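Notes follow the structure.
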Amino acid sequence: MAAKKATEATPNMIETFREFKENKNIDRTTLVSVLEESFRNVIAKIFGSDENFDVIVNPDKGDFEIYRNRVVVADTDVEDQNKQISLSEAQKIDPDYEIGEDVSETIEFAKFGRRAILNLRQTLASKILELEHDSLYNKYKDRVGQIISGEVYQTWKREVLIVDDENNELILPKSEQIPNDQYRKGETIRAVILRVDNENNNPKIILSRTSPVFLERLLEGEVPEINDGLISIKNIARMPGERAKVAVESYDERIDPVGACVGVKGSRVHGIVRELGNENIDVINYTSNIKLYIQRSLSPAKVSSINIDEENHKAEVYLQPEEVSLAIGRGGLNIKLASMLTGYTIDVFREIEDNEAEEDIYLDEFADEIDQWVIDSIKRIGLDTAKAVINAPRDMLVEKADLEEETVDNVLNILKAEFEN
């Protein structure tokens with residue numbers, strides 16, 4: 001009867017755990033252990049200790065039993081009423097009890113009152129949350145770098161909340177979203193698992209659509225040769241939603257890695273381009289020859305010559321005037337991606353004819369027209385002459401010399417006017 005009253009006094013608790021077990025795949029042993037621990041926590045608060053209690057939980061039937069074990073002592077020797085019972089009290093239970101014997105009696109949890117029941121519910125809720133966190137962390141901790149599909153549940157200014165097939169919450173921060181992406185509640189999106197944070201046992205699954213790993217996994221899914229290990233992706237550089245460069249290498253001389261990745265008429269990358277918000281994808285052949293690697297990375301520009309500083313990872317690239325804009329790309333995008341892909345700082349220069357070089361003038365000669373600090377800033381990036389400055393990309397002068405655009409334009413106008421005169 002005690003078990004029935006206790007169950008009635010704690011409605012839906014074990015049912016809640018049974019539902020949780022089904023939803024979160026918690027094994028039976030863990031389920032029983034958590035229920036028992038929750039009861040013991042409450043018992044310890046009421047009696048000061050739970051050492052002499054037996055808690056029997058049967059989650060399949062949805063019931064439980066609690067027994068307190070005490071030692072029979074003389075009526076005058078009772079020091080701890082929780083662990084000891086007087087002979088007279090014991091004999092009320094059974095006249096045959098004698099001093100030194102153990103008495104086991106059923107505890108009706110309902111008699112502890114509403115406070116104890118509320119305490120138990122709070123403990124159970126806390127354990128449920130802890131198990132949910134453990135389950136979520138264990139599910140995703142070893143899946144970093146994998147692609148996952150989820151349903152958009154809520155969109156906020158700084159992040160998008162996504163739920164997986166078990167209704168776990170995943171986070172796609174604004175910084176990991178492709179700029180032109182639009183997310184609508186209920187739609188399915190794909191992303192790569194970027195990392196799993198677990199601060200204070202509060203796991204957060206962070207997703208990304210801007211990571212190079214996302215593009216790498218998409219390529220693995222579309223190009224069987226990559227998945228089979230015949231082609232290797234050596235490096236990826238991305239400007240999410242705009243353009244990407246991918247360096248690939250074939251381990252089978254019969255396979256063209258670029259052609260295999262692109263597919264006939266671009267068939268293998270079309271779906272990836274759409275997935276990435278029409279991000280253009282350049283695929284190039286990887287080579288350990290750094291000069292050739294940089295040359296290929298600057299495609300579609302045709303490079304005339306390259307000077308390499310391997311120690312400082314810098315490269316000076318010389319091109320025909322008509323190739324310079326192709327090498328730099330719109331907004332400097334092509335040269336930035338090439339630098340990211342190769343790991344080299346790339347400076348682009350227009351080739352100067354010999355007769356032009358003879359007519360060159362040192363920058364210091366313009367000190368009466370250009371502030372000395374401006375001249376020094378330009379010289380610090382390796383440009384000492386007027387022609388060198390004129391032939392250098394304007395964006396490079398702004399960025400590398402750390403000058404205002406108006407200042408750069410003024411310098412260029414002064415230098416060009418000298419040669420026109």
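Close amide H pairs (under 5 Å, H built 1.01 Å from N) link E108 with no residue at least 5 positions away or on another chain. Each label was represented as a point 7 Å from its Cα along the Cα-to-Cβ direction; for E89 and T29 these points are 3.8 nm apart.
Order the peptides 189-200, 262-273 from the highest to the lowest mean number of other Cβ atoms within 10 Å of their residues.
Values: 189-200: 16.3, 262-273: 14.1.
Going from most to least packed, we get 189-200, 262-273.
Rounded to the nearest 10 Å², what accessible area does S305 have for a 1.4 Å probe in the complete protein model? S305 has an accessible surface of roughly 50 Å² with all protein chains in place.
Projecting label points 7 angstrom from Cα along Cα→Cβ for S304 and I46 puts them 9.2 nm apart.
Probing with 1.4 Å while keeping every protein chain in the model, the per residue accessible area of segment 179-290 equals 51 Å². Placing pseudo-labels 7 Å out from each Cα toward the beta carbon at Y251 and D142 gives an inter-label distance of 2.3 nm. Scalar couplings 3J(HN,Hα) for segment 387-401, obtained by applying the Karplus form with A = 6.51, B = -1.76, C = 1.60 to θ = phi - 60°, are 5, 4, 5, 4, 7, 7, x, 4, 4, 5, 5, 5, 7, 6, 7 Hz; x denotes Gly and Pro.
Carbon-plus-sulfur accessible fraction, the chain (probe radius 1.4 Å, protein heavy atoms only): 42%.
Order of 180-186, 68-74 by packing, highest average Cβ count within 10 Å first? The partial results should precede the final answer.
Working: 180-186: 10.9, 68-74: 17.0.
The densest-packed peptide leads the list: 68-74, 180-186.
Among G266, S339, I375, whose Cα sits farthest toward the positive end of the charge dipole of segment 249-380 (+1 at Cβ of Lys/Arg, -1 at Cβ of Asp/Glu, about the Cα centre)? Working it through, the farthest residue towards the positive pole turns out to be G266. Taking 12 Å as the cut-off, the amide N atoms of segment 378-403 that come nearer than this to a point 7 Å along the Cα-to-beta-carbon line of D360 belong to 382-392.
Suppose a student asked you for the relative contact order of segment 241-353, using Cα pairs under 8 Å spaced at least 6 residues apart; what percent would you report?
The value is 24 percent.
Treating only the Cβ of Lys, Arg, Asp and Glu as charged (+1, +1, -1, -1), what charge dipole size does the chain show about its Cα centre? Round to the nearest 20 debye.
Details: 52 positive and 83 negative charges, 397 e Å.
Here the size comes out at about 1900 debye.
Over 18 Å between Cα atoms, which of K139/K204; K174/K336; K83/K127; K314/K336 qualify? Over 18 Å Cα-Cα: K174/K336; K83/K127. The distance separating the Cα centre of segment 310-332 from that of segment 254-280 comes to 26 Å. Matching the structure-derived semi-axes √(5λ) of the Cα gyration tensor in Å against the labelled list (1) 33, 25, 19; (2) 43, 25, 23; (3) 76, 25, 18 gives the label (3). Segment 185-207 and segment 116-133 have Cα centres spaced 25 Å apart. In the chain, helices alone account for a calculated mean residue ellipticity at 222 nm of -12000 deg cm²/dmol, with every DSSP H run of four or more residues adding -39,500 (n - 2.57).
Where does each of 326-338, 408-420 land if you order them by average Cβ count within 10 Å, highest first?
On the way: 326-338: 18.8, 408-420: 14.9.
Top of the packing list down: 326-338, 408-420.
The values are calculated or read from the model by the stated rules, or taken from the named source; none is laboratory data. Note that this is a predicted model, so its numbers are computed, not measured. As a convention, Cβ positions derive from the backbone with ideal geometry for all residues, glycine included, and neighbour counts pool all protein chains shown. When the accessible area is computed, the model is the full protein with side chains, heavy atoms only, and any ligands, DNA or RNA have been set aside. Shrake-Rupley method; radii C 1.70, N 1.55, O 1.52, S 1.80 Å.
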